[in-house]
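Student: Before anything else, here's the structure in question.
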Amino acid sequence: MVQLRKYRVLIYCIVALILVSASGCTEDSKQDVNTSGEATVFEGKQLTPISEQRNNGIKGTQYIDQETYELRIYGLVDKPVNLSYNQLLAYPSVSRFVRLDCVEGWGFDAKWTGVTLNTLFNDTGVNSSATTVIFYCADGYSTSLELDYLVDNDIMLAYKLNDITLPADRGFPLQLVAEDKYGYKWAKWITAIEVINEPYKGYWESVGFNNNADVGGPAF
Ligand SMILES: Nc1nc2c(c(=O)[nH]1)N[C@H]1C(S)=C(S)[C@@H](COP(=O)(O)O)O[C@H]1N2
Ligand SMILES: [Mo]
């Protein structure tokens, strides 16, 4: 009899445990991160999980070696530089919630962390005649944006997405977070940045996509 009571208590405990975990009550302390450490919420806003984001790269995923990687910044700058991955990480970082909208109609919300172009241009200096910045990528892709847009909006090069180091298919080591511009301005796998003084049409722009690319504006 005593033995049976003991078992009953044990069974109650197990049932209670199952009910509590199924209701999610024990998950409260983990509200903002999933098991891999990926952020799911930032500044009160829900983030799209990386697993639900796409890779639309023109040549598929690029695999860049962190050890040998260098970001080259050149053109109309006072001091051209080649920055290693660790040098990029050593600059002050910023984090922001920004939505990427592809011109095709899909998009995703993310927390982006990286270094701003203003921070990098502060080191290189920019010639007063400069108007345009070109981003070259490892897959042969390129795009450009106006210098004023990048400076005035304090645009960043992201090396983290939802608190995770950019995975290869998401653009490791750097993706441009071109806020309020269509996705084709969000260069991934960036290897070089050139500062020039005339308009430039990148990969999609040269086949007719709008070079201004404001979200909500014309696609062509
Ligand atoms: N290097 C590179 N960057 C790129 C592209 C590309 O093909 N190559 N595609 C662009 C487009 S069209 C979009 S919508 C965004 C986001 O694409 P993703 O979500 O597939 O990464 O990446 C942009 N950056
Ligand atoms: Mo896109």
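The values are calculated or read from the model by the stated rules, or taken from the named source; none is laboratory data. It should be emphasised that the depicted structure is a prediction, and the values quoted were computed from it without experimental measurement. Cβ sites come from the backbone with ideal geometry, for glycine too, and all protein chains shown count toward neighbours. When the accessible area is computed, the model is the full protein with side chains, heavy atoms only, and any ligands, DNA or RNA have been set aside. Shrake-Rupley method; radii C 1.70, N 1.55, O 1.52, S 1.80 Å.
Student: Tell me the volume per residue, in Å³, of the convex hull enclosing the alpha carbons of the stretch 40-107.
Tutor: Looking at the stretch 40-107, the number lands at 184 Å³ per residue.
Student: Kindly report the accessible area of the stretch 90-169 per residue (heavy atoms of protein chains, probe 1.4 Å, no ligands, DNA or RNA), in Å².
Tutor: Solvent-accessible surface per residue comes out at 37 Å².
Student: Once the other residues with Cβ under 11 Å from the Cβ of Phe172 are scored (Lys, Arg +1; Asp, Glu -1), what is the net sum?
Tutor: So the environment of Phe172 carries a net charge of +1.
Student: Ok, one more. How fast does the stretch 80-129 diffuse by Stokes-Einstein, in µm²/s, taking the Kirkwood radius from C-alpha pairs at 20 °C and 1.002 mPa s?
Tutor: Reported coefficient: 162 µm²/s.
Student: Could you work out the local net charge near Tyr141, counting Lys and Arg as +1, Asp and Glu as -1, over the other residues with Cβ closer than 10 Å to its Cβ?
Tutor: That works out to +1.
Student: Give me the net charge of Thr116's neighbourhood, meaning all other residues with Cβ under 11 Å from the Cβ of Thr116; Lys, Arg count +1, Asp, Glu -1. Intermediate results must be reported in sequence, preceding the final value.
Tutor: Values: positive: Arg96; negative: Asp154.
Once positives and negatives cancel, what remains is 0.
Student: Ok, one more. Roll a 1.4 Å probe over the protein heavy atoms and report the accessible area of Thr40 in Å², nearest 10.
Tutor: Accessible area, nearest 10 Å²: 40 Å².
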